Amino acid sequence: MDSDTNTKSLLHKVSGTIPSYAGQALARFNRDSGYSKRRNYNPARMIFTVTGVNLIPVILLIFGLILLGQYRTNLITSQLELLHTQSELYVTALKNRLYEGDTPDSANSMSDAAGPFFQRMGGDPSKRLVLFDSRGTVLADSMQIEGFGNDTDGGRVWLDMITENLLSNFFNIFKIEYDLPEYPYTDPANAASFPGIEAALSGKMNLSVWSANSSRLVFSSALPIVINGEVAGALSVSKLATEVDQTLQNLKNDIFRIFFIILFISLSVSLLLVSTITTPLRRLAKAAETIRTGQGKEAEIPDMSARGDEIGELSIALRALVHALWERMRSIESFAADVSHELKNPITSMRSALETLPFVKTEEDRQQLINILQNDVTRLDRLVTDISRASRLDAELARDEGEAIGLRALLGEIVENYNLRLDNNQEKKTVKLENKSDMPTTIAGSPERLVQVFNNIIDNALSFSPESGIITIKIETRQNDLFVTIEDQGPGLNTEDAEKIFQRFYTSRPDHEGFGQHSGLGLSISRQIVEAHGGSLTAGNKYGENEKITGAKFVMRLPLVHIN
């Protein structure tokens, strides 16, 4: 059969994802070299570990700040309600003070009652009480009353807290800040400058929250003083919420303190992780560099497969790579030695014939030497051609793309072409196909390469078969594999030749064929192609009655492809 058969017509096209041809070859290598054992490997383990450790303090900080915001809102609300209650008590107490005698008939009596009332209430330097009459005139101001608070300097303490320079907190980078309007400057001559007083003088209560220097809270309450159904004045109570600020600041400091502790721990763990990453990577890099410079062996790549992470996977991949590299180098050395040996034989024969040619005396001897030279040249040409093809095979196999192939249809076309050629040559030999599989026979691979393999095996079988011999091709499926068995009716194989025939340049031909007509590369190339497809190719004998050898057989195993 012509090796250039149009194999496109033999393809059984199906839809679906086909494993890459090169990928199948790699899988075969991994399986054979011991690297295909699956490990407990999480591809994102290292990423999650490093990222997770460093995210812990950030997550805790965000969570803490969210809780701090909620706690601050609740605390401000409760303190504002408390100030409102205190303000109502102040107004009630002030009204009781006014009613101790007769009903007051002038603002002066309210002013006279305010001073002793403020002094009796005691004082808090962070709190300010201001009493207004119905016209908005200040009748009393706790900042101006001697003895209000713990000392006469209470007003200065209040002013210092309100006007504290931001530079005093320069190093307190974690201070609490409030997104609130600044507490306004209050002018005793202008009632409108006091928060909520205008509303209070119109009979409405007012509660508000302010900030001082964006870092301190100020609560303000303005309540009307209603006497006999009329607004007789208003009371402004403002309080610097030092306790709230301090509570929130302490809580925030605790959050940041915990944050820095956890950050320190996470950084320490990260450094430890980095050391566990960089140290083995450095070892792998050093080993790879040693091998690159030609000073190492494959055993020098450290085995870190027990790690179960990306570095362990890298170690396994590098070891497999080095193993493949050394196997390739040994193969090249062996191939070069075999080529040298095979080329020397015809060259030696040619040299001997050329050295003898000048001394021959008869034309018959001269023609015999010329025939020897011609045969040796033909043999050399065949060897060089086959060697060239064999040397390019690896690269060509790597470039080939896998296709879905219906092997039953492919073999059917091959058998039909062989029988047609045998009939044309008036040969009595036949090739028949037996399909023993009810399953689809779809495989992935290169149809041209598989045709090359089948042609080589069938040609060998025909050359060893008797005149009326039958070459039988059987197709079987077992689990996820497809088996193709090619049997002949020739003399069979010697037991020791079952593996030797797949060695490069090994030949064992029938007696009727002349020496040197085959390079001995055909079966070696065939096995290489089948193994690149993820399969295997073996040889043996078939037996009849009394364990008598009735011919040779080749068994090819190829992985099936299941297509939806």
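Derivation of every value follows stated rules applied to the coordinates shown; laboratory data play no part. In this text, all values refer to a predicted model and were calculated from it rather than measured experimentally. So basically every Cβ, Gly included, is an ideal-geometry build from the backbone, and we count neighbours across all protein chains shown.
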Taking the beta-carbon count within 10 Å as an exposure proxy, list PHE132, PHE483, PHE219 from fewest neighbours to most. PHE483, PHE219, PHE132
Per the Kirkwood formula on distinct C-alpha pairs, the Rh of the stretch 366-519 is how many angstrom? 18.1 Å
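Just need the Rg to Rh number for the stretch 331-426, please, alpha carbons only, Kirkwood Rh.
Reported Rg/Rh (Cα atoms, Kirkwood Rh): 1.20.
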Residue order, fewest to most surrounding Cβ atoms within 10 angstrom, among PHE454, PHE48: PHE48, PHE454
³J(HN,Hα), Karplus 6.51/-1.76/1.60, whole Hz, each residue of the stretch 533-538, x for Gly, Pro: 8, x, x, 8, 9, 10
Net charge of neighbours whose Cβ lies under 15 Å from the Cβ of SER352, counting Lys and Arg as +1 and Asp and Glu as -1: +1
Taking the Cβ of each residue in LEU267, LEU558 as the centre, tally the other Cβ atoms inside 10 Å and list the residues starting with the fewest. LEU267, LEU558
Over what distance in Å are the Cα centres of the stretch 196-274 and the stretch 347-411 separated? 99 Å
Checking the a/c ratio against 1.5 first, then a/b against b/c, what shape does the Cα gyration tensor give for the stretch 398-455? oblate
So which of LYS500/LYS548; LYS344/LYS553; LYS432/LYS548; LYS500/LYS542; LYS428/LYS500 end up more than 27 Å apart, counting from Cα to Cα? LYS344/LYS553; LYS428/LYS500
What is the sum of charges around ARG449, taking Lys and Arg as +1, Asp and Glu as -1, for the other residues whose C-beta is under 9 Å from the C-beta of ARG449? -3
